[in-house]
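Notes follow the structure.
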Ligand code: F6R
């Protein structure tokens, strides 16, 4: 769904459904959305310039506005957009925080915006993380006064935290709060933990503009991208105003727009269950989504649904279109049934008209792309095993080195083993010293990074050998965008795309598997997927690509919804155990994982629970009772 108009529609005219209380626009991608927001900001700056006026912008940090800033910088460079009349006030800063630290919002704003535009330094205001505790109270009052002196904020850009915070106004914040210091919520600190290399390094406090300050802005635009934000976005737009979700206060602001991508908007009632909202155009995709939902609501399997069930749940128009529940149930049951196959590479000599994959060629060349060195076995270890067993020419391609996810203690262990084997091994003392003396927020030096990369490479080879792939079919791309030594990566470059395109061109695959993890727009999985999509665009005119089908697994964190699944590969209990063993070869990612996120289960547990859960969902719909299922969705390029 693309809607490129973000102008605010007055209250009473924007409600697409009776559920929504904040104007919102959904874009297919965060990139398109960000460009649109940057255009709104640029027009405002130009309009003010034409009137010889200041333009007062309230700005946010975090992953959400990065592309907006990138686009503003592009407009400055290529279209002469000047920021000479712009005054900025940032929302927040960690406290205490040195402005030169790479974790400071001061650093962030200069890196992403201020260093690249013609704004006067005296027009930039970012709360200072170095004010003394005694001066802090007055400092915050003065920050609000300064905004007032400039006539208030003309435009406020916001992100939203999973707690529902705007700025750092965490749950409990008052509607009339001013700029102040605040204790960060645990969830907020967890979300920041990866970039601080652990939650213990994340500051506990921050200075934030208050809700009272933000709500005085003449225009507010809030950005939210990704699946992770879907539930808080729904709560904010559809829920009651509550201090427990401070962003809901924006329901009272007459000129606010939420800019969302599809993943962030997916829980809104009008999109998740549109049949409850108004008339629907029923295609097969929507019908299967609705039927899966209806089974859940009624606790019935597909073949037990009745006309009354459909009518009682807003789906009578589907019945009108399809005839009776009886016909519709059988059609949908068969559709889902046909997604199940034990032959992910196609079943040779079998009728493939209702199978997910082609029978021919019987032996396929296959590439499994794995963003990190372990996603292959975590997300599709069972399917991987079947493809090898069924005789296909399987290549595994690890896109990044995964080096930053190896802890210092793990690297030290290997360095000490090397030293014990050969005390004069070149540079080993140097490496041990570098690891032992490392200060927490400093990036690893190149030798240490190399060692960490080698550890992951060797673990991967142990796992691929266990599955039965010859070493020459295992490729390590070490894509350059990843090699910053820090959590923050470089943007995807043509070099990355070229490397991915080269491996596809050399294998000429009939099947490609890739991680379709769209949850985090700036995460490594998404960048790795973009690299593949770009490479496919580049190569699609070659004849061999006509025979290439692309299947997306969902990455390490989530699974496809049942109605999205186009191929489901069952695993027996023994295959589940084999997959577990393959995951165990990635020892550096076991136990105390560095980038665990907020799910504390180990990777193998997550993988098993997710595959069991898919099997359970299929069974509840009335399909066979498997131990586990791995799920894929086809990507058409
Ligand atoms: C940042 C800020 C925060 C973020 C929010 C979302 O200045 O005030 O409210 O906007 O935590 O962060 P991201 O965009 O990283 O998901």
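Per-residue ellipticity at 222 nm from helix content only, as computed over the chain with -39500 (n - 2.57) for each DSSP H run of at least four residues, stands at -12000 deg cm²/dmol. Per the Debye formula on identical point scatterers at the alpha carbon atoms of the stretch 172-255, with no solvent, log10 I(q)/I(0) at q = 0.15, 0.20, 0.25 Å⁻¹ is -0.66, -1.10, -1.32. Separation of the stretch 223-268 and the stretch 336-415, taken as the distance between their Cα centroids, equals 37 angstrom. The convex hull built on the alpha-carbon positions of the stretch 136-199 has an orientation-averaged projected area of 5.4 nm². The Cα atoms of the stretch 367-488 cover 49, 35, 19 Å along the three principal axes, with the biggest extent listed first.
The value of relative contact order for the stretch 358-488, using C-alpha pairs under 8 Å at least six residues apart, is 33 percent. Among bridges DSSP assigns within the chain, what percent are antiparallel (round to 5)? Restricted to the chain, the bridges split so that about 30 percent are antiparallel. Taken over the Cα atoms of the stretch 308-348, the convex hull encloses 96 Å³ per residue. Ordering 601-611, 202-212 by mean Cβ neighbour count within 10 Å, with the highest value first, yields 202-212, 601-611. Remark: the chain is approximated by an ellipsoid whose semi-axes, taken from the C-alpha gyration tensor as √(5λ), come to 42, 35, 22 Å, largest first.
When each of the peptides 249-259, 125-135, 538-548, 268-278 is scored by the mean number of other C-beta atoms lying within 10 Å of its residues, the order from highest to lowest reads 249-259, 268-278, 125-135, 538-548. Take 222-232, 615-625 and order them by the average number of nearby Cβ atoms within 10 Å per residue, most first; the result is 222-232, 615-625.
Available extension along the chain between residue 574 and residue 176 is 137.3 nm, counting 0.36 nm per residue and deducting the alpha carbon span.
FYI, it's all coordinate maths here, none of it is from the lab. Since the model is a prediction, treat every value here as computed from it, not as a measurement. In this analysis, Cβ positions are derived from the backbone assuming ideal geometry, glycine residues included, and neighbour counts consider all displayed protein chains.
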